[in-house]
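Have a look at the structure below, then the notes.
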Amino acid sequence: MAHWFHRNPLKATAEAKFDLKMVASDSQALKICSDLRQSRLRLLQLLPDANHEIDVVEPALTLYLSLLRGLIEVPEDQSSGWSKLRHSIRFRWTQSMLGNTPEGHFDAVFELVSVLQNAAFWYMKHAFKISAQDDVNMDEAKIVHRSLRRGAGLLKYVQEEWVNKLLETPPAGSDSDPRVHTAYLNQATAEAQEVTIARAIELKHNPGLVSALANETSKMFTTAADAITSLEEKKFGHWIKYFRLKASLYAAYAHNYAGQNMLNQDKCGEAIRSLQEAKKKYEEAGELCKEYARTKGPGTQAKPETHEFFRRLAPIVARTLEKCERENGMIYHQKVPYDPPELEMKATYGLVSPDDYTLPPAAPLWTAVTYSAFDLTKNLSEDPSANPKAAEKVEGDLPPVKEANIHQKSKDHKNNSGCSVM
């Protein structure tokens with residue numbers, strides 16, 4: 001589904017040299033420094049390209065995190081607690097929505113949080129890449145679904161386990177701001193659920209189930225939009241409009257399938273009112289697509305209104321509404337309620353949840369001997385950059401990440417859902 005998903009920029013970072021001082025030269029400790037530098041560089045080379053396969057990116061992420069863990073926690077056979085090296089290296093990262101001015105901290109936890117967030121964004125972009133192909137088979141649709149759940153899982157893990165351990169409260173609008181985190185988490189989860197809905201439509205599942213799934217998805221997009229409405233409109237307005245249009249579209253789907261379900265139960269009056277609401281929500285989604293296209297801000301430009309999955313709904317609603325009105329006039333003679341019927345609040349099955357994630361264990365190189373080889377007193381910051389504010393002024397902004405292009409073609413798909421991932 002080319003141009004169906006909105007994606008924000010990746011976070012940019014500065015080089016980290018890992019020049020750690022030692023009490024005495026130790027070959028394993030020297031290798032740790034070299035491996036940290038090389039594995040970080042390798043990961044940063046992979047993440048800007050969503051065309052890479054998961055089995056290429058995941059091992060690179062695991063390797064770097066296993067080495068980084070030794071800068072965060074002491075080796076397992078030592079006393080528990082923070083590593084003496086946690087504050088020995090200064091890391092600089094931008095935020096996905098705040099431009100090119102980075103934050104800089106002598107904190108390996110800040111590095112961990114930033115790397116996991118960027119990896120989550122890569123999974124979301126990889127799902128986008130797979131879905132943008134001309135023809136997506138079932139196995140590839142599963143990869144889209146898995147990638148979005150994996151991205152959501154990384155975001156959930158880092159926010160619950162590590163953000164509260166940062167040295168400073170995250171700046172407003174940063175990727176660790178709870179509002180921005182809520183938006184990203186709901187986006188990834190809701191987009192995975194979009195795949196579930198398309199699958200349910202394709203397999204002609206009970207319209208009550210499709211309605212409930214669409215309603216839950218609409219609420220997730222609404223939660224994402226509401227989370228960031230208090231942030232700067234100039235930076236976040238474009239993203240908010242994407243959430244609003246998706247929320248309206250899936251509200252339209254929810255009311256449409258609720259109407260079909262009520263008609264099957266001979267509740268023709270309620271079916272008419274639900275379908276009228278579907279038509280209203282669909283028209284809202286169309287207007288929001290125009291607003292989204294006009295609104296400037298970071299990120300890609302989705303074009304959901306050009307998709308068969310979007311366009312197919314209008315004639316379906318019109319035909320079903322016409323049928324209901326005709327049959328109500330001839331057979332049922334039921335009163336059409338003023339307010340639309342309540343939608344089902346919870347789907348019986350098919351709801352998406354983020355994948356569970358835990359950090360890989362520390363690399364085998366991190367032993368008591370190698371850990372003790374590093375000299376804490378020599379690794380304490382002793383240069384002007386120990387003052388983060390002064391350092392940021394001297395170092396300046398970082399260039400944005402140059403991301404690889406994703407090939408996209410808009411092509412209608414001849415299936416029940418109109419969705420290419422089905």
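The values are calculated or read from the model by the stated rules, or taken from the named source; none is laboratory data. Quantities reported herein were computed from a predicted structural model and do not represent experimental measurements. Because the Cβ atoms are built from the backbone with ideal geometry, glycine has one as well, and the counts that use them run over all protein chains shown. Surface accessibility is based on the protein's heavy atoms, side chains included, excluding ligands, DNA and RNA. Shrake-Rupley method; radii C 1.70, N 1.55, O 1.52, S 1.80 Å.
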Relative contact order as a percentage, the range 117-219, C-alpha pairs under 8 Å and 6+ apart, gives 26
Using the heavy atoms of the protein chains alone and a 1.4 angstrom probe, what is the accessible area of the range 188-308 per residue in square angstrom? 35
Skip the ligands, DNA and RNA, and give the accessible area per residue of the range 1-148 with a 1.4 Å probe, whole Å². 36
At a 1.4 Å probe radius, carbon and sulfur cover how many percent of the accessible area of the chain? 52
ASP55 accessible area, assembled protein chains, probe 1.4 Å, Å²: 120
Helical mean residue ellipticity (222 nm; -39500 (n - 2.57) per DSSP H run of 4+; nearest 500) of the chain: -18500 deg cm²/dmol
At 1.002 mPa s and 20 °C, plugging the Kirkwood radius over alpha-carbon pairs of the range 284-335 into Stokes-Einstein gives what diffusion coefficient in µm²/s? 156
One can check that the equivalent ellipsoid of the range 1-76, built from the alpha-carbon gyration tensor with semi-axes equal to the square roots of five times its eigenvalues, has lengths in Å, largest first, of 32, 13, 11
Taking the chain, the whole-percent share of alpha-carbon pairs separated by over 33 angstrom is 41
Quick one: putting +1 on the C-beta of Lys and Arg, -1 on the C-beta of Asp and Glu, what dipole do you get for the chain around its Cα centre, in Debye to the nearest 20? 860
Using only C-alpha atoms and all pairs of different ones, pull out the Kirkwood radius for the range 31-143 in Å with one decimal. 15.8
Relative contact order of the range 185-269, defined on C-alpha pairs under 8 angstrom at six or more residues apart (%): 36
Relative to the longest principal Cα axis of the chain, at what angle does helix 108-131 sit, 0 to 90 degrees, rounded to 10? 40
Relative to the longest principal axis of the chain, what angle (0 to 90°, nearest 10) does the C-alpha long axis of helix 233-264 take? 40
Of LYS219/LYS246; LYS142/LYS346; LYS125/LYS165, which ones are farther than 18 Å apart at the Cα? LYS142/LYS346; LYS125/LYS165
Taking the chain and dividing mean pair separation by its residue count, relative contact order in percent (alpha carbons under 8 Å, at least six apart): 28
Cubic angstrom per residue, convex hull over Cα atoms of the range 93-239: 119
So, with +1 on the Cβ of K and R and -1 on the Cβ of D and E, and no other charges, what is the size of the charge dipole of the range 183-259 about its Cα centre, to the nearest 20 debye? 120
